[in-house]
Amino acid sequence: MASSGLELLWVSLPQLAKGAGQTLSISFLSIAISTIGGVFYGVLRTLNVTWLNAILRIYLELFRAIPVLVWLYLLFFGLPIFFGLSLPSFWCAVLVLSLWGASEVGEVARGALHSLPRGQREAGLSIGLNAAQLYGYVLLPQALKRMTPPTINVYTRIIKTSSLAVLIGVVDVIKVGQQIIERTYESVLIYGALFLFFFFICYPLSAASRVLERRWTQA
Amino acid sequence: MTLDYAFILSTLPAFFKAVGVTLQVGLIAIATSLLVALLNATILVFRTPYLQKLVGFYVELARNTPLLIQLFFVYFALPAVGIQVSGFTAAIITMTFLGGAYLTEVLRAGVDAVPQAQLESGRSIGLSHGQLLRYVILPQAGILSLPSLFANFIFLLKETTVVSAVAVPEILYTTKSYIALYYKTYEMLAVLTLICVLLFLPLSLLLSRLERRLQHGQFGS
């Protein structure tokens with residue numbers, strides 16, 4: 001049983017790897033876009049422009065109030081109807097996870113920028129830096145360090161949430177696993193393997209976040 | 001494109017029921033998660049040997065794997081070893097597994113924030129473990145972890161949408177069934193969005209207020 005189980009995993013490895021590639025591509029693309037979008041969000045929120053803040057607050061609250069899975073269905077079913085735009089489920093997942101991730105990273109970035117001593121901003125302005133220089137040379141380098149540990153945690157959440165893509169029809173690692181189960185009935189083995197797959201990606205990230213948090217708050 | 005209001009009206013009773021199921025799953029899961037977390041936090045506070053390691057392992061495992069995999073494992077894999085559960089039971093089990101771990105972390109952080117001197121002085125005046133927990137640790141840790149606890153409650157309530165994947169008739173599953181039956185995609189998506197906004201937005205705004213209020217309290221002291 002044990003050896004036949006391992007054998008099944010070994011034989012299925014190419015198939016599973018292909019699904020894992022989809023899962024990881026969705027995660028990686030979403031993480032990259034979320035990070036860039038989130039930093040932009042943080043900068044825009046700290047510019048203190050009233051109408052801009054209002055728009056960004058609405059964006060944030062919509063992504064907080066409506067669950068990610070609901071967003072997935074809204075865009076997957078809604079985009080074709082409202083915009084006549086039929087996005088493949090892969091890109092639909094990337095779009096939703098990026099928008100959601102950017103709101104999460106954005107709040108972290110805003111918090112980090114907000115937590116910097118006010119003197120930093122004032123000193124920068126007093127020596128005549130413009131907004132771009134102020135953020136580029138003074139505020140962002142400090143804020144980026146502060147936001148790293150919590151942002152890594154957002155990354156693990158994006159990776160975990162990418163699993164929902166299977167529900168709108170992406171042939172990701174879970175779908176491949178289900179196909180193997182349909183053929184072999186080895187549900188415990190396959191779901192166990194999927195458990196470990198996500199655990200071994202997310203656990204090192206969580207642990208790194210914790211170590212960095214501890215190290216940098218002590219220093 | 002105009003909305004078919006008569007159709008929306010005819011689905012409202014089903015959606016009322018669905019909101020009930022969402023709240024039911026969410027609230028039961030929050031209650032059971034809190035029980036698990038209190039037990040775990042007690043084990044961690046008193047550094048119970050072996051059990052402490054086990055709690056740590058559980059928390060890491062639950063926090064670093066997706067809810068959907070946990071759900072599928074309980075619903076599709078456990079029957080293979082002779083444990084058959086309904087979608088609803090699977091939902092409660094899985095959400096307790098996940099929520100218990102998150103809330104354990106929250107309570108642990110709250111307990112860590114209680115100054116060590118509080119524990120020591122409690123011990124020095126001869127309080128028992130139970131008294132220490134009841135009169136010294138929990139009241140202070142409870143207040144400190146209130147915003148995070150509340151945030152996790154909302155998180156769990158929103159996560160109930162995931163259990164639509166095992167046919168629990170909550171809001172998302174109900175929406176999907178109506179779309180599949182009548183092709184009224186436009187109407188049903190509008191209803192779903194409205195329900196989410198009405199249900200979760202006030203909670204999320206309340207949380208923001210609570211966080212600011214408690215932050216204010218900290219600055220004031």
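What follows is calculated from the coordinates using simple rules that are stated; it is not laboratory data. The structure presented is a predicted model; accordingly, all values stated were derived computationally and were not measured. All Cβ positions, glycine included, derive from the backbone under ideal geometry; neighbour counts span all protein chains shown.
Per residue, how big is the convex hull around the C-alpha atoms of region B:5-220? Give it to me in cubic angstrom, could you?
For region B:5-220, the hull spanned by Cα atoms encloses 144 Å³ per residue.
Across peptide B:157-166, how many C-beta atoms of other chains are within 10 Å of each residue C-beta, on average?
Other-chain Cβ atoms within 10 Å of each residue's Cβ, averaged: 4.
Okay, helix-only estimate at 222 nm for the protein assembly as shown: each DSSP H run of n ≥ 4 adds -39500 (n - 2.57), divide by all residues, round to 500 deg cm²/dmol; what do you get?
-27000 deg cm²/dmol
What does the average come to when, for each residue of peptide A:69-80, you count the partner chain Cβ atoms lying within 10 Å of its Cβ?
5
In a Gaussian network model over chain B where Cα atoms closer than 10 Å are linked, find which of B:GLU60, B:GLU120, B:GLU170 has the largest mean-square fluctuation.
In this elastic network of chain B, the residue with the biggest mean-square fluctuation among B:GLU60, B:GLU120, B:GLU170 is B:GLU120.
Within a 10 angstrom radius of the beta carbon, how do A:VAL188, B:VAL59 rank from fewest other beta carbons to most?
Neighbour counts put them in this order, fewest first: A:VAL188, B:VAL59.
Using a/c under 1.5 as the rounded threshold, could you call region A:133-219 rounded, prolate or oblate? The axes a ≥ b ≥ c are square roots of the C-alpha gyration tensor eigenvalues, and prolate needs a/b larger than b/c, oblate otherwise.
oblate
Helix by helix, which DSSP H runs in chain B go 20 Å or more along their axis at the Cα atoms and have an average Kyte-Doolittle hydropathy of 0.5 or more?
Long hydrophobic helices here: B:5-45, B:87-113, B:185-220.
Could you work out the Rg to Rh ratio of region A:2-218, with Rh taken as the Kirkwood radius (inverse of the mean 1/r over all Cα pairs)?
1.07
Mind checking Rg over Rh on the protein assembly as shown, alpha carbons, Kirkwood formula for Rh?
On the Cα set of the protein assembly as shown, Rg over Rh gives 0.98.
Given the options B:VAL168, A:GLY136, A:PRO14, identify the residue whose Cα lies farthest towards the positive end of the charge dipole of the protein assembly as shown (+1 on Cβ of Lys, Arg; -1 on Cβ of Asp, Glu).
A:GLY136
For a test of the definition: using alpha carbon positions, the gyration tensor, and the 1.5 limit on a/c, classify region B:45-102 as rounded, prolate or oblate.
prolate
Under unit Cβ charges (Lys, Arg +1; Asp, Glu -1), what dipole magnitude, rounded to 20 debye, does chain B have relative to its Cα centre?
The dipole of chain B has a size of about 300 debye.
Of A:LYS175/B:LYS158; A:LYS18/B:LYS184; A:LYS175/B:LYS53, which pairs sit farther than 30 Å apart, going by alpha carbon to alpha carbon?
Correct reply: A:LYS18/B:LYS184; A:LYS175/B:LYS53.
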